[in-house]
Amino acid sequence: MNTQYLIIGSGGHARVLLDTLRCLGLPVAACSDNNPDRVGQTVGGVPIIAETGLASGFPAQTTMLVNSVGGVKDMTPRRRVFEHFKSLGYRFATLVHPTAFVAADVLLEEGVQVMAGAMVITGARIGANTIINTRSSVDHDCVIGAHCHLAPGTTLSGTVTVGDGCLLGTGASIIQGIRIGERCIIGAGAAVVRDIPAGVTATGVPARIR
């Protein structure tokens with residue numbers, strides 16, 4: 001049986017992912033949404049279905065999911081979507097936009113999304129369900145945890161470590177060798193020049209814990 005692709009969510013990131021899937025020549029059957037007002041509408045010509053009815057129409061054996069739930073202040077909703085559907089036996093597609101560069105020895109775990117113009121350089125490891133968004137740059141030997149979001153234009157120098165569940169805001173820059181703990185938020189445009197402990201928000205140039 002042929003594999004079909006279904007996008008969880010129907011917002012802005014879903015539209016970006018839909019474009020990526022089409023660029024890759026992958027068939028998108030539907031988007032899903034928990035909002036009843038969205039059900040029955042379309043995204044880019046693709047129907048929106050109720051998330052509660054997903055299992056009956058899209059069996060796990062023949063369906064690849066694509067997680068479009070993002071994160072502005074908290075990556076927990078994205079992680080919960082991933083873990084919920086994994087517990088039901090579904091798999092998540094790992095996507096690399098055709099205009100992105102990913103070195104041959106990079107490890108991309110399940111559900112990673114590398115968006116248009118992004119670069120992931122040799123020796124890097126990207127954890128499950130993480131977004132490397134538009135024009136982000138991850139240099140050599142970086143280790144990025146699961147359920148993270150590197151927002152557009154984020155720059156990581158070599159050997160940076162980022163813990164699970166982190167959000168790095170648009171245009172943030174992290175110098176080489178820095179360690180960022182789990183569940184951190186790094187503000188847009190921040191310059192991180194010192195290690196950041198887990199569970200904090202850091203903003204500014206240089207970045208300071210708020």
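General remarks:
- Here the chain carries DSSP beta bridges of which approximately 10% are antiparallel, counting only pairs with both residues inside.
- Sum of -39500 (n - 2.57) over DSSP H runs of 4+, divided by residues of the chain (222 nm, nearest 500): -4000 deg cm²/dmol
- Here the Kirkwood formula, the inverse mean of 1/r across different C-alpha pairs, assigns the range 159-210 a hydrodynamic radius of 10.2 Å.
- In the range 13-76, the inverse of the mean reciprocal separation of distinct Cα atoms equals 12.8 Å; this is its Kirkwood hydrodynamic radius.
- Taken along the Cα-to-beta-carbon direction at a fixed 7 Å, the label points for ALA29 and GLN4 span 0.3 nm.
- Placing a pseudo-label 7 Å from each Cα along the Cα-to-Cβ vector at GLN41 and ASP74 gives an inter-label distance of 2.4 nm.
- Label zone at VAL205 (point 7 Å along Cα-to-Cβ), backbone N below 19 Å, the range 147-173: 151-157, 168-173
- Where only alpha carbons of the range 117-172 are counted, the Rg and the Dmax (Å): 9.5, 24
- The range 62-210: Rg to Rh, with Rh as the Kirkwood radius over Cα pairs: 0.96
- Accessible-area composition of the range 123-210, carbon plus sulfur, in percent [1.4 Å probe]: 50 percent
- Tilt relative to the chain, helix 76-87 - C-alpha long axis, 0 to 90 degrees, to 10: 50 degrees
- Size of the range 51-129 from its Cα atoms: along the principal axes, largest to smallest, the extents are 40, 32, 19 Å.
- Cα pair distances in the range 1-136, grouped into 10 Å bins until the bin that holds the longest one, percent each: 12, 44, 35, 8, 0
The values are calculated or read from the model by the stated rules, or taken from the named source; none is laboratory data. Quick caveat: nothing in here was measured; it's all calculated off a predicted structure. Counting neighbours? That spans all protein chains shown, and the Cβs are built from the backbone with ideal geometry, glycine included. Calculation scope for accessible area: heavy atoms of the full protein, side chains included, ligands and nucleic acids excluded. Shrake-Rupley method; radii C 1.70, N 1.55, O 1.52, S 1.80 Å.
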